[in-house]
Amino acid sequence: MTENAERLRATMEMVLEETCRGMPNGGDHASRRIVAERLIEAARAGHRTLGEFNIVARKTVVELRGGEIVTASAQGVDRANGGSGAGAGGVRRQLSDAARSDRASGGPVRLML
């Protein structure tokens with residue numbers, strides 16, 4: 001792993017930990033996984049700064065508190081179908097679905113680029 005990739009991963013892990021620290025009990029596994037996935041998506045989209053990652057993580061927590069998140073792929077499907085990209089009419093994933101899959105995997109959340 002290059003030095004830049006190591007720094008990026010460390011930044012993302014720090015944001016994940018700080019964000020989840022504000023959740024009840026440090027966040028359940030499913031919530032942590034979803035925040036981590038969003039951070040990885042942001043990194044792949046070219047975001048690199050602490051501020052950008054904080055925005056992504058906090059926005060994800062707000063969406064999780066509402067009980068529903070919209071995946072990036074669902075946003076793309078929605079846009080392709082003429083929608084706003086906010087997921088209206090697109091594929092939605094419920095937090096409970098993520099929790100069920102996490103119980104099956106049972107592993108810790110790790111950030112992998």
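The values are calculated or read from the model by the stated rules, or taken from the named source; none is laboratory data. Just so we're clear, the structure is a prediction, and the values are computed from it rather than from any experiment. Positions of Cβ are backbone-derived with ideal geometry, glycine not excepted, and every protein chain shown enters the neighbour counts. These area figures cover heavy atoms from the full protein model, side chains too; ligands, DNA and RNA do not enter into them. Shrake-Rupley method; radii C 1.70, N 1.55, O 1.52, S 1.80 Å.
Observations
- Against the list (1) surrounded by 12 or more Cβ atoms within 10 Å (Cβ to Cβ); (2) in contact with a Lys or Arg (Cβ under 9 Å, 6 or more places away or on another chain); (3) of a type in the set (A, V, I, L, M, F, W, C), the condition L39 fails is (2).
- Tally of residues being touching a residue at least 40 places away in the same chain (Cβ under 8 Å) and of a type in the set (A, V, I, L, M) across the stretch 37-55: 3
- Hits in the stretch 4-25 - residues which are within 17 Å of A43 (Cα to Cα) and basic (K, R): R7, R9
- Residue selected from the stretch 19-36 under the condition touching a residue at least 24 places away in the same chain (Cβ under 8 Å) and charged (D, E, K, R), by the criterion most open to solvent (accessible area, probe 1.4 Å): D28
- Which numbered condition S84 misses (of (1) modelled with pLDDT under 50; (2) surrounded by 12 or more Cβ atoms within 10 Å (Cβ to Cβ); (3) hydroxyl-bearing (S, T, Y)): (2)
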